[in-house]
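Novice: Please read through the structure below; I'll follow up with questions.
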Amino acid sequence: MTELTSRTIAQLRDGFRSGEFSAREVAETYNAAVAAAKALNAYTVETPDDALYAAEAADKARGQGNLPPLAGIPLGIKDLFATRGVNTTAGSRILKGFKPPYESTVSANLRKAGAGMLGKLNMDEFAMGSSNETSAYGPVISPWRRKDSNVGLTPGGSSGGSAAAVAASIAAGATGTDTGGSIRQPAAFAGICGIKPTYGRCSRWGIVSFASSLDQAGPMAKTVRDCAILLEAMAGFDPKDSTSLDLPVPQWESGLSSNLSGKRVGIPKEYRIDGVPAEINALWDQGIEWLKDAGATLVEISLPHTKYALPTYYIIAPAEASSNLARYDGVRYGLRVEGEGLNGMYSATRAEGFGAEVKRRIMIGTYVLSAGFYDAYFTKAQKVRALIKQDFRKAFDRCDVILTPTAPSAAFGIGETTDPLAMYLNDVFAVPASLAGLPAMSVPGGLDGQGLPLGLHLIGNELDEQTVLNAGLAIEERSGFTARPEKWW
Ligand code: GLN
């Protein structure tokens, strides 16, 4: 029954419900696929028993006619989500062996909805990166390859394990987190869908913090519908997160419609930047045509502060990270390396526990928060962030959703991007929506000349995930994108 793994979540749900197959068959097929895909290095921990346990509960519930929405669906969980009793390391050496005594709200919501867990998914250390190369577990290898080449490609990051697992059909869907693009860029690289909801839709409780004012969880899956199904289960108010939105969760799946008549799509002129491959700009133009065909009208918009978004992000995110990561001191969690006295133990633990990119961020963050430079960098960045938000507020007076490319390139090779600043440029289109807390999604649009997927990016107004999903559906129906990587692992 290997073809079970090529089905969407909606198809698995419906097939299970109609009695075509049992949840146990689905879980066993996925467990076997996960075990056979070690070459991708997508999972840091495999939890086949967890998936089987949830499947048994689903099979039993089916007999009693009482099914939660995700009964029979096996998922991968990014290693940033605390999972009770199961290693949770955020891709870092400093948390090796850490088994939380609690469960993150998002993963608990998914379990309550009936989903099983196949394992924890590899990621960039503390979600800092765009290629999965900063993981203490080694890079994830993308299931995709360039035409006529065996060069290992990155699946993007930081949710690279999630993207690779869904693209390789070793998870029906996965959780991701997005601080400045980490759901959308890997989704684009892997030819799958991923949505970051409005800041506050998904509880951050139990998700290892990177930059608290930006971090949001969201789903990654093969289709727009699957993302709607998963997001409905993940989202919701949580009194344990003070930034969680106390609002009902919309029924995004039943609200899906690819008829965009009456909708205005904004095209921001500042996103036409130099150095972006012609194929990506051509796909963007194609995306415009698809949305017009779905009934939308096009408006040119301006987001004048776009050019400051990356520098602003690379002040605010490291600042918050340096403060959040102060808790890893060898006393409370994971690794402890003895040194001379208490300070010696702190330094030895942190020197050995953190990788180079995390150390770079902690140093940048500490610098921009230091008494002498706080106003020049951190306060200034907060002000620019407010201007970026204002740009979007004004733009959404004139349009309902914004269309851009997701990333300025297709997947690159492992080891090909060594300059940190070049790596940061991956998120040039993704970061503004993060700073503004807006919902944004990547949907596959097509393949480039090398046979690698390219994504289109939709940014919506606050709380309007529905229009983002609907525009995504309109693109999905028209692009006819069904390409999957050829199996080599
Ligand atoms: N690539 C960006 C960074 O390195 C975004 C990461 C993320 O969204 N978690 O910070």
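Novice: Given charges of +1 on the Cβ of Lys and Arg and -1 on the Cβ of Asp and Glu, with all other atoms neutral, how large is the dipole of region 340-464 about its Cα centre, in debye to the nearest 20?
Specialist: Around 420 debye, computed over region 340-464.
Novice: Compute the signed sum of charges (Lys and Arg +1, Asp and Glu -1) over the other residues within less than 12 Å, Cβ to Cβ, of TYR102.
Specialist: Working: positive: ARG84, LYS99, LYS240; negative: GLU103.
For residues surrounding TYR102, the net value is +2.
Novice: Still on this structure: Shape verdict for the chain, please, from the Cα gyration tensor: rounded (a/c under 1.5), prolate (a/b greater than b/c) or oblate.
Specialist: Rounded, because the longest to shortest axis ratio a/c is under 1.5.
Novice: By the scheme Lys and Arg +1, Asp and Glu -1, what is the net charge of all other residues having a beta-carbon under 13 Å from that of LEU369?
Specialist: Net charge around LEU369: 0.
Novice: When HIS305, HIS457 are ordered from fewest to most other Cβ atoms inside 10 Å of their Cβ, what list results?
Specialist: HIS305, HIS457
Novice: With unit charges on the beta carbons (Lys and Arg positive, Asp and Glu negative) and the dipole taken about the Cα centre of the chain, which residue among TYR328, THR83, LEU153 sits farthest to the positive side?
Specialist: Of the candidates, TYR328 comes out farthest on the positive side.
Novice: Also, quick follow-up: Out of PRO143, TYR53, GLY275, whose Cα points farthest toward the positive end of the dipole of the chain (charges: +1 Lys, Arg; -1 Asp, Glu; placed on Cβ)?
Specialist: My answer, from the dipole projection, is TYR53.
Novice: Any lysines with Cα under 18 Å of the LYS222 Cα? List them, leaving off those in the same chain fewer than 8 positions away.
Specialist: LYS78, LYS196, LYS487
Novice: Can you give the FRET efficiency for LYS359 and LYS240, using 1/(1 + (r/R0)^6), R0 = 30 Å, r = Cβ-Cβ distance, to the nearest 0.05?
Specialist: Using R0 = 30 Å, I get an efficiency of 0.50.
Novice: Summing +1 for each Lys or Arg and -1 for each Asp or Glu, what net charge is found among the other residues whose Cβ lies under 11 Å from the Cβ of PRO139?
Specialist: Working: positive: none; negative: ASP124, GLU133.
Charge balance near PRO139 sits at -2.
Novice: Right, something else. Please work out the Cα center distance from region 32-88 to region 201-247, rounded to the nearest Å.
Specialist: 19 Å
Novice: Would you please classify the overall shape of region 1-157 from the alpha carbon gyration tensor, given that a ≥ b ≥ c denote the square roots of the eigenvalues, rounded means a/c under 1.5, and beyond that prolate means a/b larger than b/c while oblate covers the rest?
Specialist: Values: a/c = 2.51, a/b = 1.40, b/c = 1.80.
Oblate shape, in that a/c is at least 1.5 and b/c is the bigger or equal ratio.
Novice: Do you know the relative contact order of the chain, to the nearest whole percent, from alpha carbon pairs under 8 angstrom that are 6+ apart?
Specialist: Working: 1224 pairs, mean separation 85.6, N = 489.
Once normalised by length, the contact order is 18 percent.
Novice: Follow-up. Could you tell me whether region 373-475 comes out rounded, prolate or oblate from its Cα gyration tensor? Rule is a ≥ b ≥ c as square roots of the eigenvalues, rounded for a/c under 1.5, then prolate if a/b exceeds b/c, otherwise oblate.
Specialist: oblate
Novice: Then there's this: Which whole-angstrom value gives the distance between the alpha carbon centres of region 345-417 and region 310-328?
Specialist: 7 Å
Novice: Using the structure shown, list the pairs from LYS60/LYS240; LYS263/LYS394; LYS96/LYS359; LYS292/LYS389; LYS60/LYS96; LYS307/LYS383 with a Cα-Cα distance above 24 Å, or answer none.
Specialist: Cα-Cα > 24 Å for LYS60/LYS240; LYS292/LYS389; LYS60/LYS96; rest within.
Novice: On to the next question. Give the order of SER212, SER409 when sorted by the count of other beta carbons within 10 angstrom, beginning with the fewest.
Specialist: Ordered by Cβ neighbours within 10 Å, fewest first: SER212, SER409.
Novice: Provide the FRET efficiency to the nearest 0.05 for the ALA483-SER261 pair, computing r from the beta carbons and using R0 = 35 Å. Working shown, then result.
Specialist: On the way: r = 29 Å, r/R0 = 0.84.
That pair, ALA483 with SER261, gives E of 0.75.
A short reminder: the numbers here are calculations on the coordinates, not readings from a lab. Model, not experiment: these values are computed from the prediction. As a convention, Cβ positions derive from the backbone with ideal geometry for all residues, glycine included, and neighbour counts pool all protein chains shown.
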